[in-house]
Amino acid sequence: MEGCPVKYALDALSGKWKLYIMFILSQNEELRFNELQRNVGDISATMLSKNLSELEETGLIIRHEYNEIPPHVEYSLSEIGRQLHPALESLGEWGHKLYNEREARR
């Protein structure tokens, strides 16, 4: 890895949805695609699929294929992805404080 490790981490998690997807997966052991899409909310199937592929390529999530009838796929955090959990919790706490401050200024 060349350059700044913070930039490397931000590049791996950049985009509107990746951190939120990681947060939702950190709250669940495994989720099927449709469950994940429902939890994320306002995201298209195409955009979710693209973000999941990028997170899998980075090594932050694991895609489990089950060759059953009907076949299905589940997603979970990899070991390195699970290590992000404390940072996601801190980010959530900070977001809560930021929201409350903004509301207090209104």
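We did not get these values from a lab; they are worked out from the coordinates using the rules stated. All figures in this text were calculated on a predicted structure; none of them were measured in a lab. With ideal geometry, Cβ positions are generated from the backbone for all residues, glycine too; neighbour counts draw on all protein chains shown.
Being assigned to a loop (DSSP other than H, G, I, E, B) and hydrophobic (A, V, I, L, M, F, W, C) is the filter here, so list the residues in region 27-48 that pass it. So that I can check it myself, show each step before the final result.
Residues of region 27-48 assigned to a loop (DSSP other than H, G, I, E, B): 27-30, 41-44.
Of everything in region 27-48, just one residue is assigned to a loop (DSSP other than H, G, I, E, B) and hydrophobic (A, V, I, L, M, F, W, C), namely Ile43.
For residues in region 8-26 being touching a residue at least 24 places away in the same chain (Cβ under 8 Å) and either among the acidic types (Asp, Glu) or in a loop (DSSP other than H, G, I, E, B) (or both), which is nearest to Asn39 (Cα to Cα)?
For region 8-26, the residue satisfying everything is Trp17.
What are the residues in region 25-44 that are surrounded by fewer than 17 Cβ atoms within 10 Å (Cβ to Cβ), under 16 Å from Gly81 (Cβ atoms) and not polar (S, T, N, Q), if any?
Glu29, Glu30
Can you tell me how many residues in region 51-88 are in a helix (DSSP H, G or I) and either surrounded by 16 or more Cβ atoms within 10 Å (Cβ to Cβ) or touching a residue at least 40 places away in the same chain (Cβ under 8 Å) (or both)?
Step one: of region 51-88, the residues in a helix (DSSP H, G or I) are 51-58, 79-82, 85-88.
The next check asks that each one be either surrounded by 16 or more Cβ atoms within 10 Å (Cβ to Cβ) or touching a residue at least 40 places away in the same chain (Cβ under 8 Å) (or both); those that pass are 51-52, 54-55, 58, 81-82, 85, 88.
Of the residues in region 51-88, 9 are in a helix (DSSP H, G or I) and either surrounded by 16 or more Cβ atoms within 10 Å (Cβ to Cβ) or touching a residue at least 40 places away in the same chain (Cβ under 8 Å) (or both).
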